[in-house]
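The values are calculated or read from the model by the stated rules, or taken from the named source; none is laboratory data. Keep in mind that this is a model prediction, so the values were computed, not measured. Positions of Cβ are backbone-derived with ideal geometry, glycine not excepted, and every protein chain shown enters the neighbour counts.
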Amino acid sequence: MRKIKTGILSLLFVLMFIFWCMYYLLQSDLMNLKNIVLEGNSNVTEDEIVNISNLVINRNIFKYNLKEIKQNIISHPYIKEVKVYRKLPDTVMIQMKEREEYAIILYMGSYIYIDRESTVLRASDSYMANENILITGINFKSFKVGEKVQATNDDDLNLVMDLLKAINMTTVYDMISEINISEKNNIRIITFDGSEVLLGEAKKPAYLMVALDEILINLYTKNIKNVIIDMRYEGYISVKGRDTWED
């Protein structure tokens, strides 16, 4: 029994020594943060991420709450997903998936940049015409950066997003400058060369955009500009000059 007690005490002493060494090691300068490694960011700068993460170099990496860091980073409107983990002894890894600018909404003189899920990424006083397609005619209930657009005509906005998806599957994306939904049941597309496309309710966006792709390419090869393309009636498409157009 004496040998057993002695063995148990020796084991406890060894375990306490190991735990003490581990605690000392984890609290030592060896575990101080030296490197912050970012992956997946292209629109958001490294400085922005580090600032909102509240990470500080030379602080022990075990003193950070990784869940809190994740929440801080994902609060940035351009960050969709994020993973944060420690890489011993002195590194914190941050892996991100960003939101991409998909369209621009004109509202009361401001340009609201949104992603594919209608999440507001930023607002600006101006925009470049060669950026994403401009959406006009939307009335807002409200909008807040980092949250989805709350429009009074949500059904039309959803239809426009379906149109954009269809447009991205064709070659005409770079020809289109604007999609207007100000008129009920009459969605209009404006091209960079001044042509106007009447889509009506645009119930079959994929079919309409494939047909429009062919029409615009044909007009472009013939150097025909500034026309009205009427696609409001299923199975019937007309192309007329503005001077001969009668609604």
Residue match in the range 170-184 (condition: surrounded by fewer than 19 Cβ atoms within 10 Å (Cβ to Cβ), aromatic (Phe, Trp, Tyr) and either modelled with pLDDT of 90 or more or touching a Ser or Thr at 6+ places or on another chain (Cβ under 6 Å) (or both)): no
Subset of the range 201-213 that is modelled with pLDDT of 90 or more and closer than 15 Å to residue 230 by Cβ - its residue that is surrounded by the most Cβ atoms within 10 Å (Cβ to Cβ): 212
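Given the options 216, 163, 198, name the one that is surrounded by 14 or more Cβ atoms within 10 Å (Cβ to Cβ) and under 28 Å from the mean Cα position of the chain (by Cα).
163
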Would you tally the residues in the range 50-100 being of a type in the set (D, E, K, R) and in a loop (DSSP other than H, G, I, E, B)? 4
Grab the strands (runs of 3 or more DSSP E) fully contained in the range 127-190, keeping just those with 3 or more residues being within 16 Å of residue 213 (Cβ to Cβ), out of contact with any strand residue (DSSP E or B) (no Cβ under 9 Å at 6 or more places or on another chain) and outside the structural domain of residue 214 (by TED's automatic domain parsing). none
Residues (in a helix (DSSP H, G or I) and among the hydrophobic types (A, V, I, L, M, F, W, C)) located in the range 28-49: 30, 31, 49
Residue satisfying all of: in the range 222-244; in a helix (DSSP H, G or I) and not β-branched (Val, Ile, Thr); farthest from residue 193 (Cα to Cα) among these: 243
Kindly list the number of the only condition in (1) under 29 Å from residue 43 (Cβ atoms); (2) at pLDDT below 90; (3) not β-branched (Val, Ile, Thr) that fails for residue 161. (2)
